[in-house]
1. Just the accessible area for Met223, please: 1.4 Å probe, Å², rounded to the nearest 10?
2. Classify the stretch 252-353 as rounded, prolate or oblate from the Cα gyration tensor: take a ≥ b ≥ c as the square roots of its eigenvalues, call it rounded if a/c is under 1.5, otherwise prolate when a/b beats b/c and oblate if not.
3. Sequence gap at least 6, Cα distance under 8 Å: using those rules, report the relative contact order of the stretch 188-293 to the nearest whole percent.
4. Sorted by average packing, counted as other Cβ atoms within 10 angstrom per residue and highest first, what order do 309-319, 286-296, 109-119 take?
5. Measure off, as a whole percent, the carbon and sulfur share of the 1.4 Å-probe accessible area of the stretch 89-136, all protein chains present.
6. Starting from the Kirkwood Rh over alpha-carbon pairs, what translational D in µm² s⁻¹ does the stretch 210-281 have by Stokes-Einstein at 25 °C and 0.890 mPa s?
7. With 22 Å as the limit, write out which pairs from Lys199/Lys283; Lys245/Lys293; Lys85/Lys183; Lys98/Lys199; Lys283/Lys309; Lys286/Lys309 have Cα-Cα distances beyond it, or answer none.
8. Could you please state how large a percent of the accessible area of the stretch 229-336 is carbon and sulfur, counting protein chains only and using a 1.4 Å probe?
Amino acid sequence: MVCGKNCFTMWMNRKTDRIFLKTLNYVLNVLKFSPSTNVRTQSTRKPGPPRLSWRLLFFGTDQFAVESLKLLNLCRNSNEGIVEKLEVVTLPGDLPVKIFAQQNQLALHNWPPHIVEGQFDVGVVVSFGRLLHRGLIDKFPFGILNVHPSLLPRWRGPAPVFHTVMHGDTVTGVTVIQILPNKFDVGPILNQEIHQVPKNCTAEDLGAALATKGAHLLLNTLMKLPEKIANKREQELKGVTFAPKINTSMSWINWEEQTCDQIACLCRAIGSRIPLRTVWMGKTIKLLDFVGKCYTSDERNPGSVYYDKDSNTLAVCCKDGWVAFRTVLLNKRLTAADFYNGYLNQTVKKNTSSKPAQGQFVSQKGRTEELQTNTWRGQKKQ
């Protein structure tokens, strides 16, 4: 009863008759009142969730956002009645969201949109990357929702999926929050669902799974939006972490500080976009086709590298063991055998007839400290 009363009070302050009728219908459903008799009805069947039909303005850019837009569009074209109207705001360029909107005849708006109050009920933001001001948010009687691929407040910021994989998280999830003016990822939580991170998954694999889960969580939120708003909760102050954009500085390996598992996580997180890097004879070398942890009884200094003929890989010593790569990029793409024959064997003499030629990969000084400093600064901003 308290929930229904709070919702009714909030809705009475809305400006449009259309929204008032929607919410009044919801309150009557929740309180089980009959409009004709004004008394509580006796029903032997538990009523289902109210079917509210929303006019939505969608803000998005990338493939992650397309999954939510695709599901909303399916609802618009179905008899479910959840989505009555659907239009799209995106940024310049041939972005996945723009392409999908054009292919499905959805009205497109440039950023920033010039909308008239009363055109839409709810805004939806998924992977948009622009701050929204209060004047825009106030155009939507039910506010603007955001689908975020993490269990907020963990991994606030533009790259939560990459940091989830990079830091070896075993559990993540998706969160639907209300957007606050001129702030990212700090609004109250309306809905949240946990997702177990599969072992050895890449950021691409995890992002695809969370995109699907986030789309369905968004739909579930819209189906019960008045109830979700009435029961929203503020984000906790503890456990806040920041997920800055991925960049080249993250790709430098520190052989003395990083373990085999950390290098594996780093590769699965960013390796498909930014190759891992180290220094060989004063030149940058990119490490490709990561094999994983390899086992050897040799004890060498971190950064030591040798060619393993049996597996046709380059084995490199790190903080707690050895990792292997099949290919490198040094002026051109080279197999492990090519690198051994053309560089490794030419620059380092064999120690004994029983040991392979060994060289040294050098860590980029300051890489770890830079990454830690950027993360700390991001956390302090929240």
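1. About 50 Å², rounded to the nearest 10.
2. oblate
3. The normalised contact order for the stretch 188-293 reaches 27 percent.
4. 309-319, 286-296, 109-119
5. 51
6. Rounded, D is 151 µm²/s.
7. Listed pairs above 22 Å: Lys199/Lys283; Lys245/Lys293; Lys85/Lys183; Lys98/Lys199; Lys283/Lys309.
8. Whole-percent figure for carbon plus sulfur exposure: 46.
The values are calculated or read from the model by the stated rules, or taken from the named source; none is laboratory data. Because the structure is predicted, anything quoted here is derived from the model rather than measured. As a convention, Cβ positions derive from the backbone with ideal geometry for all residues, glycine included, and neighbour counts pool all protein chains shown. The area values use the complete protein model at the heavy-atom level, side chains included, leaving out ligands, DNA and RNA. Shrake-Rupley method; radii C 1.70, N 1.55, O 1.52, S 1.80 Å.
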